[in-house]
1. Name the residue, out of B:Ala69, B:Ala91, that is more than 25 Å from A:Gly81 (Cβ to Cβ), at pLDDT 95 or above, out of contact with any strand residue (DSSP E or B) (no Cβ under 6 Å at 6 or more places or on another chain) and small (Gly, Ala, Ser).
2. Keeping to region B:90-113, report how many residues are aliphatic (A, V, I, L, M), free of Cβ contacts under 8 Å to residues at least 60 places away in the same chain and not in a helix (DSSP H, G or I).
3. What residue, among those in region A:79-124 that are under 22 Å from A:Asp54 (Cα atoms) and among the aromatic types (Phe, Trp, Tyr), is nearest to the other protein chains (Cβ to nearest Cβ)?
4. Given the conditions (1) more than 10 Å from chain A (Cβ to nearest Cβ); (2) surrounded by 15 or more Cβ atoms within 10 Å (Cβ to Cβ), which single one is not true for B:Glu188?
5. Does B:Ala62 count as among the small types (Gly, Ala, Ser), part of a helix (DSSP H, G or I), crowded, with 22+ Cβ neighbours inside 10 Å and more than 8 Å from chain A (Cβ to nearest Cβ)?
6. For residues in region A:227-248 being of a type in the set (Gly, Ala, Ser) and in contact with a Leu (Cβ under 8 Å, 6 or more places away or on another chain), which is modelled with the highest pLDDT?
7. Got a number for residues in region B:17-51 being crowded, with 16+ Cβ neighbours inside 10 Å, within 14 Å of another protein chain (Cβ to nearest Cβ) and hydrophobic (A, V, I, L, M, F, W, C)?
2 protein chains.
Amino acid sequence: MTGWLCIAGLGPGSEALVTPEVRDALAEATDVLGYIPYVARVAPRAGLTLHPSDNREELDRARSALALAAAGGRVVVVSSGDPGVFAMASAVFEVMEGRADWQSLDVRVLPGITAMLAAAARAGAPLGHDFCALNLSDNLKPWALIEKRLRAAVGADMAMAFYNPRSASRPQGFEQTLNVLRETCEPERLLLFARAVSTPREHLICVSLSEARADMADMGTLVIVGSSTTRRVGRFVYTPRSVPGAGS
Amino acid sequence: MTGWLCIAGLGPGSEALVTPEVRDALAEATDVLGYIPYVARVAPRAGLTLHPSDNREELDRARSALALAAAGGRVVVVSSGDPGVFAMASAVFEVMEGRADWQSLDVRVLPGITAMLAAAARAGAPLGHDFCALNLSDNLKPWALIEKRLRAAVGADMAMAFYNPRSASRPQGFEQTLNVLRETCEPERLLLFARAVSTPREHLICVSLSEARADMADMGTLVIVGSSTTRRVGRFVYTPRSVPGAGS
């Protein structure tokens, strides 16, 4: 029996945003592993074992998944959004690094619609020009590096998408982020706070920096900060493709 | 008759990466507009008019699409990848900005798997930590701004994805990009060149900066430059989730 492992992205929530590739992998799987609410999106069936686990158990989950595939299982690790963006794919390769025997396994990453692109689409096109994606959690990197990246992105006038902006255990990080923005950007700069995009609980709000408050975000919010050119048109918000001085 | 306009992402090429949401919009459409090779991906059928157009006609195409929707058409503008990432969504909002009567139309952006996430998934997880997406074309912005953003991203040690790295009409831009990287990054820095991901013509190559040459890219290549921590594991390349000094 030849096993395989797919690290698959379920997209932001709606089944209409799950790719056929991911749906097919789930249909063939013997084992599905992931954070509890993501595994809950997979329908139980005969021949399929669901392995939900808690957050912050990424490396244990990756190890279990690789071991199951090595034993001949058809294994899917599910992430929300895209598995390669602040999700399970890196955790799997991190574990694989220490186990040469697992490096020849049939492992594939199946992309998904990541939260920033789902939120951007719902709002208009705020990421329609150069942008960066920053994880604001300082669980796995020092705060000084987060602030350095934030200041670099603002200085180069990129739009920004923030993942994990505000955890219950360290809410001051997002307040510090807003303070850096207030210090470096004009008060009219547009911010988008998006939650549960594509689900019945979807909530989006677009405000200027002068109106933004830290409690508009929690760990499940995706925050987009526009560049200096990002603006509203009707009920939408978008970043133009051109910057003055083109061709010079 | 109530018209609508969807700006839809077809993903990188494979039908297995087209979301059900986009497939359903195409099934209901009366008109599909887009760049010739993207419209060619939509099967002709009775009741559907295909409107292929040339590259660099984005604003005319956006205007035609909004006019067709205003006249009651069920209109889909197709982009490859995600329409909100260096694609048609911003062009539509740009046109809408000058036409208040079009701002109340039923307009939706349907996200897709953008090229950088498809390429990253195929290679492993090179965008598994903070990263930015830069369009290297200077058709719509000055080269000085591109170089400023490039230097900011390198200075803050983000991974980078480059769209439109090298046009036939201005091949020197990507050579300049490589020169900036050679000046600012270690020679072992990893670069991924990806073309036609998920299609039969898929081609990926991962090289160190010291091995990279400008002719490895053309306008259809997606280039990913790792951060200083990006590394190989077996046949994969990934960026670890952690950076030394976390929690400090």
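The values are calculated or read from the model by the stated rules, or taken from the named source; none is laboratory data. These figures come from a predicted structure and were not determined experimentally. Cβ placement follows ideal geometry from the backbone for every residue including glycine, while neighbour counts extend to all protein chains displayed.
1. B:Ala91
2. Number of matching residues: 0.
3. A:Phe93
4. (2)
5. yes
6. My answer is A:Ser242.
7. 5
For (1) of a type outside the set (Gly, Ala, Ser); (2) without any contact (Cβ under 8 Å) to a residue 24 or more places away in the chain; (3) over 14 Å from B:Ser227 (Cα atoms), each residue gets a yes or a no:
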position	(1), (2), (3)
B:Ala119	no, no, yes
B:Gly124	no, no, yes
B:Ser137	no, no, yes
B:Pro142	yes, yes, yes
B:Phe174	yes, no, yes
B:Thr177	yes, no, yes
